[in-house]
Amino acid sequence: MSEKLVHDLTARLGAMIRELSVKNERRVYVEVAPDDLRQAVRVIFEEMGARYATATGMQVQDGFEVLHHFVFDSQRVVVSLRVSTESEAPEFDSITPLITGAEFIEREMRDLLGIQFKGHPNPKRLILSDDWPDDVYCLLYTS
C-alpha cells in the first residue's frame with residue numbers, strides 16, 4: 001500500500017471523509033456523505049486519475065449503501081468510495097454526468113434494489129421488462 005495514496009486521498013478529500021479504512025495493501029474504503037459524492041468522485045477520477053471499475057449496491061440492516069470502486073492501476077490499489085442512507089426509499093446523486101461508464105450499473109441497481117439516482121440521463125429499465133411492477137425489486141429483503 002502506498003502511504004502516499006492514503007495521504008493524497010486524505011489531503012484532497014479532507015472534510016468530505018467520514019471514515020477511511022485501509023483493509024490491506026490493495027484495498028482502501030472511503031466513506032463520504034451522499035451530498036459529497038459527486039465532488040469526491042470528481043477528485044478521485046478527474047484530479048487523481050483513478051480508473052472507474054464498477055459499483056456495488058446493497059441493502060444493509062439499516063438502509064442501503066453504494067460503493068463506487070476505483071482502481072489506481074500503477075499502484076494496484078482499489079479505492080471504494082462508500083455512500084449510505086437509512087432511507088427506505090434510497091436516492092443518491094448519479095455519477096453518470098461525470099463518468100459515462102456508470103450509466104448501466106446505476107440502472108441495474110435501480111432495477112434490482114430500487115435505488116434512485118438523481119440526475120441520471122437515462123433512468124429507464126435495464127434488466128427488468130417494461131411490464132414489471134414499479135414497486136417490486138428482486139434483491140430486496142422484506143420481512
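Please report, in debye to the nearest 20, how large the charge dipole of the chain is about its Cα centre when each Lys and Arg carries +1 at its beta carbon and each Asp and Glu carries -1 there.
Values: 16 positive and 24 negative charges, 129 e Å.
It works out to roughly 620 debye.
Working from Cα positions, state the angle (0 to 90°, nearest 10) between the long axis of helix 103-113 and the longest principal axis of the chain.
50
Over the chain, with a Gaussian network built from C-alpha contacts below 10 Å, which listed residue (Asp130, Asp111, Asp36) shows the highest mean-square fluctuation?
Maximum fluctuation in the GNM of the chain, among the listed residues, is at Asp130.
Using amide H atoms built 1.01 Å from N in the peptide plane, name the residues 5+ places from Ser87, or on other chains, whose amide H lies under 5 Å from its own.
Residues meeting the criterion, in which the H sits 1.01 Å from N, are Phe64.
Ignoring ligands, DNA and RNA, what percent of the 1.4 Å accessible area of the chain is carbon and sulfur?
Reported share for carbon and sulfur atoms: 47 percent.
How far apart, in nm, are the 7 Å Cα→Cβ label points at Leu128 and Leu140?
According to this spin-label approximation, the distance is 0.8 nm.
Using Cα springs under 10 Å in a Gaussian network model of the chain, which residue among Ser94, Ser21, Ser84 shows the largest mean-square fluctuation?
Ser21
Please list, in order, the residues from the range 55-75 whose amide nitrogen is less than 17 Å from a point placed 7 Å along the Cα→Cβ vector of Lys4.
Answer for this model: 72-75.
Distance between the C-alpha centers of the range 53-86 and the range 111-143? Whole Å please.
19
So, for the range 1-110, what is the accessible surface per residue at a probe of 1.4 Å, expressed in square angstrom?
Value returned for the range 1-110: 51 Å² of accessible area per residue.
Determine, from the Cβ-Cβ distance of Ala11 and Thr56 and an R0 of 35 Å, the FRET efficiency 1/(1 + (r/R0)^6), rounded to the nearest 0.05.
FRET efficiency, Ala11 to Thr56: 0.85.
Please list, by residue number, every one of the GluC sites (Glu not before Pro) in the range 2-34 that is coil in DSSP and has at most 15 other beta-carbon atoms within 10 Å. Mind dumping the intermediate values first?
Details: sites: Glu3, Glu19, Glu25, Glu31; in loops: Glu25.
Listed in order of number, the matching sites are Glu25.
The values are calculated or read from the model by the stated rules, or taken from the named source; none is laboratory data. Please read these numbers as outputs of a predicted model, since none were measured by experiment. A quick note on method: Cβ atoms are made from the backbone with ideal geometry, for glycine too, and the neighbour counts reach across all protein chains shown. Accessible surface areas use protein heavy atoms only, side chains included; no ligands, DNA or RNA. Shrake-Rupley method; radii C 1.70, N 1.55, O 1.52, S 1.80 Å.
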